[in-house]
1. Looking at chain B as a GNM with Cα springs under 10 Å, which of B:86, B:201, B:97 has the largest mean-square fluctuation?
2. Distance in nm between label sites at residue A:288 and residue A:265, each 7 Å beyond Cα in the beta-carbon direction?
3. Based on C-alpha coordinates, I'd like the Rg and Dmax of chain A, in Å.
4. What percent does the relative contact order of the range B:207-253 come to when contacts are Cα pairs within less than 8 Å and at least six residues apart?
5. Using only atoms on other chains, find how many Cβ atoms lie within 10 Å of each Cβ of peptide B:120-127 and report the average.
6. Any chance you could give the angle, 0 to 90 degrees and rounded to 10, that helix B:122-135 forms with the longest Cα principal axis of chain B?
7. In the range B:190-227, which residues have a backbone nitrogen under 15 Å from the label point lying 7 Å from residue B:244's Cα in the Cα-to-Cβ direction?
8. Debye calculation, C-alpha points only, no solvent: report log10 I(q)/I(0) for the range B:80-222 at q = 0.14, 0.17, 0.21 Å⁻¹, in the same order as the q values.
């Protein structure tokens, strides 16, 4: 059976009506959009939703995929990254699934994409108003480390009782001298809810603050969605006398494009570093001025 | 008589057919400690738990005066009651396990109360926690050790430090020295007495032990089968108990 035949049969299976778009039926998409609207209305609040069985295993982006499929339209252009990489196996699979079942266009260029589904990164390019960032979330509950009882967790969020979260940060500083949490750093959204930033690195956390774009978070396994609407404050939890710091390796530069101020990942076999955002790195090597400018602006 | 900080009228708590306490009236003023004496099952802890907000009463009224305003405790929502527990009402439990997180350091346990009250400055939290631990005579070298590694007496001292961290208006002490060795208990009692004297907090001291109450509280009530059977100055109660049960209790305490 050829690849094309197989995807056609998925389309047929998924949609009884010829005008339906993608793997999910219209009712499911409406349900997810309904949950997303609540999430946008109450920034940082985790909204339960009926997470569907997807053609990817839970824990492999099924939440982000459902969010993308619920909001995608025929005019959209989709980009999917895994750790900043468009060609990661998971990213490529998800992109193909979205593109072939919905027929929407796809790209690796963060500037022209209207929907960017991501695992663990926010692209280096400055995103603009109207773009939607869809983040795949493994653990949506920021307080999971300090409390396991669901009812107590609900109470803590409802009453804004985050003392134990602060105590865990206090203990961290006492033991290690710094707050050691590197990914999924807890933030206060809109001055109200403490939210997990998924495993994006600290480096990307400031990009969410007062961002012009919409961020939607989908946790398929945990059956939760949440959102940061445009122009919403996102403050990393930290003590007044211990400023929030992002990861930085002094002297490190990308082996491919030379960038120093992008988010770099280590390549042990080459004893160096490369940009995590592969598409942005490739554009820099091609002499793209805009990518240069963003980089220089950061250097300054 | 001084103005009351806490006033109870007709507090009654029933568990089905069992009446744990009935028509309990009492008042306690700022800077004053009131003892509640009684054997186990007499309803004294139930009274404390109703005031603390851990148990909903069956009937009765409780008023707490905070900043000149009388709050009707039993009319507040669970959320508001929990908020009072941050810096207005503190409980010291018999077993430190109920009041502390043993996995956290001594400083961390105190930090919980401070961060709940809005403290966000690490240096100031540390300084305040150190100050409190010094006050309760926990060596500062142990400040960053998990409370689970502490002895019983030291845990109780940490619990006291945590309880007074935000200068509460009302301190509820539930058998604060019962689980401790005699010599350790004596040290903790001394500490509680000086904390009460220095802070000017209104406090209720629940104990089955006449000695503890006489040391901490100038006034006391005797509870028996859920009712207050006698009330008065602690010294008079000890010297000249009127109610048959009080007499028996005093005789038992003298051995």
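No lab work stands behind these numbers, since they all come straight from the coordinates. Small disclaimer: the values here were computed from a predicted structure and weren't measured. Note that each Cβ is placed from the backbone with ideal geometry, even for glycine, and that neighbours are counted across all protein chains shown.
1. B:97
2. If labels sit at residue A:288 and residue A:265, their model points lie 1.8 nm apart.
3. 19.7, 63
4. Values: 46 pairs, mean separation 15.3, N = 47.
Once divided by the residue count of the range B:207-253, the mean separation gives 33 percent.
5. Numbers: counts 7, 4, 11, 4, 3, 6, 5, 0.
Counting Cβ atoms of other protein chains within 10 Å of each residue's Cβ and averaging gives 5.
6. The angle comes out at about 50 degrees.
7. Of the residues in the range B:190-227, B:224-225 have backbone N under 15 Å from the label point off residue B:244.
8. Log-scaled intensity ratios, in q order: -0.60, -0.90, -1.37.
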